[in-house]
1. Taking the range 19-106 on its own, what percent of its Cα-Cα pair distances exceed 22 Å?
2. Which order results if I65, I83 are arranged by neighbouring Cβ count within 10 Å, fewest first?
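Just so it is clear, none of the values below were taken in a lab; they were calculated from the coordinates. Computed from a prediction, not measured in an experiment: that's the story for all the values here. Reconstructed Cβ throughout: ideal geometry from the backbone, glycine too, with neighbour counts over all protein chains shown.
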Amino acid sequence: MASTVTQLASRGDRDPIDVFIVCPNSKLRQNLNDKLNLPRWNVVQAGTGEGALQMLQQHGADDGILLLDPNLPDLGLNDFLDIVEVQYPNLRLMTLDSDTGQLKCS
């Protein structure tokens, strides 16, 4: 995770980097939002797979980071990932363990 975040943070004075947080745990989403809500990050959140797909479509997710809890309440992980990989191939994916708050690069 550190290398991906470091690479993105080193983009200098470019536009803010989109960070899409997808997790049914609203407390964890808000905690991550609070920690990342700096000028260099544009943080957007969703609590469901369907909400995440709408969020990605609205924001034109051409680039950025997707922090994903694999336990989505409404979509299977593989179904969600298949859609994201086809429609948003430039997103960097990190899975989020909603129990521990740990991130893993995928």
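1. Numbers: 569 of 3828 pairs.
The proportion of pairs with Cα distances above 22 Å equals 15 percent.
2. Values: I65 24, I83 15.
The fewest-first ordering by Cβ neighbours comes to I83, I65.
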